[in-house]
Amino acid sequence: MITVTLPNKIYDVKIEMGLGRKIGSTVAQVWNQRKVIVVTDETVGDLYLHSTVKELQEAEFEVITATVPVGEGSKSLKFVSEIIQNMADAGFTRGDGVIALGGGVVGDLAGTVASLYMRGIAFIQIATSMTAMVDSSVGGKTAVNLGQVKNIIGSFYQPDLVVIDPIFLNSLSERNLVEGYGEVVKCSALEGGAFFKLTGSIKKVDDILANATDLIERSVNFKANVVMKDEKESNLRRILNFGHTLGHAIELLADGKLKHGEAVAIGMVTISQCFERTDVTPSSVTQELEQRLTSVGLPTSSDLIGSKEFFDHLKNDKKNDHGTLNLVALKKIGKPVIVPTKLSAMPDFVSVLTTN
């Protein structure tokens, strides 16, 4: 168990094999009996919604559910509005709660709903994907998209509890497992040391499952420590965006053909290649990142980088500060730095990739 301690909130991240079969008693440790809405997607719902609802009801919670389509398209105001309407129709009050049962999309959507309903009600994350377990369920970032602009509507809203059962990973497709591992490699590169050595020992997909608990605990611990020092991303927390500025742009351009972790993998390698040219990042760092990503089949390049649409998406990036992007680079493994870069300079910055 990892405890996240913030100025106005303390909550636990519980990581335990078999915890998914004890949802009712686990939630009852932090919430008294109340109405809850369980938000999930169609795939996760087919696997786990019935048993989760049954366990919550046995713990004397009054449960309703909301199931959305799989994919990034569900992170929209349309579904926020529909879920909130369902809650209002069911008579939810500030004393009730929202539970996210799913991956990053479900967590973002449910967290946004919880932050908005009656100006904020209790929220719990049950992470079922690798991406959610190692990244999106911890730290309190909630957001939905608006059209083609990713995560533009949202807030920092911390959960009361995060539940992680590595057994859930066994139900993922290989691609969904591996894309979440992209975020693990990111955390390991930012932390360095034994964590980066561990990801260096992952040579095939089966190794991810064999080391799942250790990989999850190390990722969560790293992110929690960063968030506890900088909850609202005013300084240190920006390092967690390593690979995301370029990654988010190509993720949107790919229109569903790239998953989040795949886009981040491409973003990490691409930004490192660009910073090689300015002598910020040694080529050895890029090579070590590529080795860890390609060994499990993650992509590390994309033809989408450098197009006019690519640069248009950068303008809408949340890290765009009056025309300046706060790009994250690695001076070496375990030593990230923020490099402010003018948006107008980005075409030349990435030209090393598009002209070769």
Taking 24 Å as the cut-off for C-alpha to C-alpha distance, list the pairs among LYS229/LYS332; LYS186/LYS331; LYS232/LYS335; LYS259/LYS332; LYS141/LYS332 that go past it. LYS259/LYS332; LYS141/LYS332
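Rounded to the nearest 500, what is the 222 nm mean residue ellipticity of the chain from helices alone, with -39500 (n - 2.57) per DSSP H run of 4+ residues and division by all residues?
Numbers: 13 runs with 148 residues, N = 356.
Mean residue ellipticity at 222 nm (helix-derived): -12500 deg cm²/dmol.
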On alpha-carbon atoms, Rg over Rh for the range 64-213 using Kirkwood Rh? 1.01
Here the percent of antiparallel bridges among DSSP beta bridges lying wholly in the chain, to the nearest 5, is 45 percent
Give me the one-decimal nm value for the distance between modelled label points at ASN8 and HIS322, 7 Å along each residue's Cα-to-Cβ direction. 2.6 nm
When every protein chain stays in place and a 1.4 Å probe is rolled, HIS313, HIS322, HIS50, HIS244 sorted by accessible area with the largest first are HIS322, HIS50, HIS313, HIS244
Order 275-288, 182-195, 121-134 from most to least packed using the mean count of other Cβ atoms within 10 Å. 121-134, 182-195, 275-288
Mind checking the angle between helix 212-229 and the chain's longest principal axis? C-alpha axes, 0 to 90 degrees, to the nearest 10. 80 degrees
Sparse-neighbour loop sites [trypsin sites (Lys or Arg not before Pro); the range 43-148; at most 15 other C-beta within 10 Å; DSSP]: ARG94
Listed residues ILE83, ILE37, ILE153, most fluctuating in the chain (Gaussian network, C-alpha, under 10 Å): ILE153
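What is the local net charge at GLU62, summed over the other residues whose Cβ is closer than 13 Å to its Cβ (Lys, Arg +1; Asp, Glu -1)?
Details: positive: ARG34, LYS35; negative: GLU58, GLU60, ASP96.
Computed value for this residue: -1.
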log10 I(q)/I(0), Debye, Cα-only the range 145-216, no solvent, q = 0.14, 0.20, 0.23 Å⁻¹? -0.61, -0.96, -1.05
Using a probe of 1.4 angstrom, how much of the accessible area of the chain is carbon and sulfur, in percent? 49 percent
Neighbours of ARG119 by Cβ distance under 14 Å: Lys/Arg at +1, Asp/Glu at -1, summed charge 0
Over all viewing directions the Cα convex hull of the chain casts an average projected area in nm² of 16.0 nm²
Per residue, how much accessible area does the chain have with a 1.4 Å probe, in Å²? 41 Å²
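The values are calculated or read from the model by the stated rules, or taken from the named source; none is laboratory data. The structure displayed is predicted, hence computed values, not measured ones. Counting neighbours? That spans all protein chains shown, and the Cβs are built from the backbone with ideal geometry, glycine included. Calculation scope for accessible area: heavy atoms of the full protein, side chains included, ligands and nucleic acids excluded. Shrake-Rupley method; radii C 1.70, N 1.55, O 1.52, S 1.80 Å.
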